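Accompanying notes for the structure given below.
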Amino acid sequence: MKMNAALIEEAIAKTLIYLTVLLAVGSLLAIILHILKEGLGVISWEFLTSLPRNNGREGGIFPSIAGTLYLIAVALAFAAPVGILAAINLAEYTRKGRLINALRFATDALAGVPSIIFGLLGFAFLVIFLGFRWSILSGGLTLGIMILPTIIKTSEEAIKSVPIRDRECSLALGAGKWQTVYRIVLPAAAPGIATGVLLGTGRAVGETAALLLTAGSSLSLPTSLLDPSRSLSIHLYTLALEGTSMENAYGTATVLIFIILAINVAASFLMSKMTRGASR
């Protein structure tokens with residue numbers, strides 16, 4: 001009887017797990033399929049390469065595509081090196097103590113802060129105090145600050161996952177601490193670090209609230225880092241909010257989905273390549 005009861009409980013648990021997975025995946029697929037159904041017919045070469053007209057209700061989205069790529073480039077140029085170096089310091093050069101525990105707690109807490117708070121910080125410090133105005137530089141740095149905790153946490157865990165024996169062998173052969181970190185630890189941890197950068201990029205691409213206060217909402221093609229720019233997410237938000245061009249809104253959402261998908265596929269390819277290289 002006890003065996004039968006255990007089997008029944010296990011069957012019920014598996015059923016509930018499968019149902020929750022189907023519900024989550026089904027909801028995601030339903031949303032994506034609805035967007036693709038409405039937006040694929042809008043996408044054309046002209047839509048992707050032409051300038052918007054009538055405040056985005058007509059024309060294309062090329063300035064928004066360029067603005068999104070510029071914002072992500074600035075964010076990663078700031079967050080990736082700072083986050084990776086901070087993770088190396090926390091994992092390799094610091095000892096356990098109250099200060100380090102406080103820093104890790106602050107990093108974890110920052111990862112859960114709403115993006116609008118980062119936007120307010122960027123507006124007060126970058127836009128007003130430093131005088132960068134509403135610009136790609138202000139928006140990109142704000143995104144960089146926002147994704148920094150994710151990169152630090154995932155990079156630190158990836159570095160810690162490298163076996164101790166690899167470090168000991170390198171040190172036993174006469175290598176210094178930094179040589180061991182640079183030549184042994186970082187190559188082995190590269191797939192995990194790339195995962196952290198990927199997670200941060202994915203969050204930054206779809207960000208809207210923080211950019212509303214820092215990047216501006218210009219439909220012109222940016223020519224410098226100090227020019228304002230409207231990202232794809234802000235362009236989608238504006239069109240959907242006004243409700244005057246849902247056709248272009250669905251087209252913009254479709255392009256945004258494809259960009260995120262391309263980033264994930266490229267990152268997965270790079271991570272698998274690095275993993276194979278590290279295992280040789």
In the list (1) 14.5; (2) 21.4; (3) 15.8, the entry giving mean projected area of the Cα convex hull in nm² computed from the coordinates is (2)
Can you give me the pair-distance distribution of segment 74-125, C-alpha pairs, 10 Å bins, whole percents? 20, 44, 30, 6
Once ligands and nucleic acids are excluded and a 1.4 Å probe is used, how much of E9 is accessible, expressed in Å² to the nearest 10? 130
Enter the angle in degrees (range 0 to 90, nearest 10) between the Cα long axis of helix 186-205 and the first principal axis of the Cα atoms of the chain, meaning the one along which they spread out most. 30
Among T154, A86, A172, pick out the residue whose Cα is farthest towards the positive end of the charge dipole of the chain, where Lys and Arg carry +1 and Asp and Glu carry -1 on C-beta, about the Cα centre. A172
Calculate the dipole size of the chain relative to its Cα centre from +1 charges on Lys and Arg beta carbons and -1 charges on Asp and Glu beta carbons; express the result in debye to the nearest 20. 980
Along the charge dipole of segment 1-157, Cβ charges K/R +1 and D/E -1, which of L143, T68, I17 sits furthest on the positive end? L143
For the chain, modelled as a Gaussian network with Cα springs under 10 Å, which listed residue fluctuates most, K96, K37, K160? K96
So the angle from the long Cα axis of helix 2-39 to the longest Cα principal axis of the chain, reported in degrees to the nearest 10, equals 30
Cα pair distances in segment 45-164, grouped into 5 Å bins until the bin that holds the longest one, percent each: 2, 11, 15, 17, 15, 13, 11, 7, 4, 3, 2, 1, 0
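The values are calculated or read from the model by the stated rules, or taken from the named source; none is laboratory data. In this text, all values refer to a predicted model and were calculated from it rather than measured experimentally. Virtual Cβ from ideal backbone geometry, glycine too; neighbours counted across all protein chains shown. Side chains included, ligands, DNA and RNA excluded: accessible areas come from the protein's heavy atoms. Shrake-Rupley method; radii C 1.70, N 1.55, O 1.52, S 1.80 Å.
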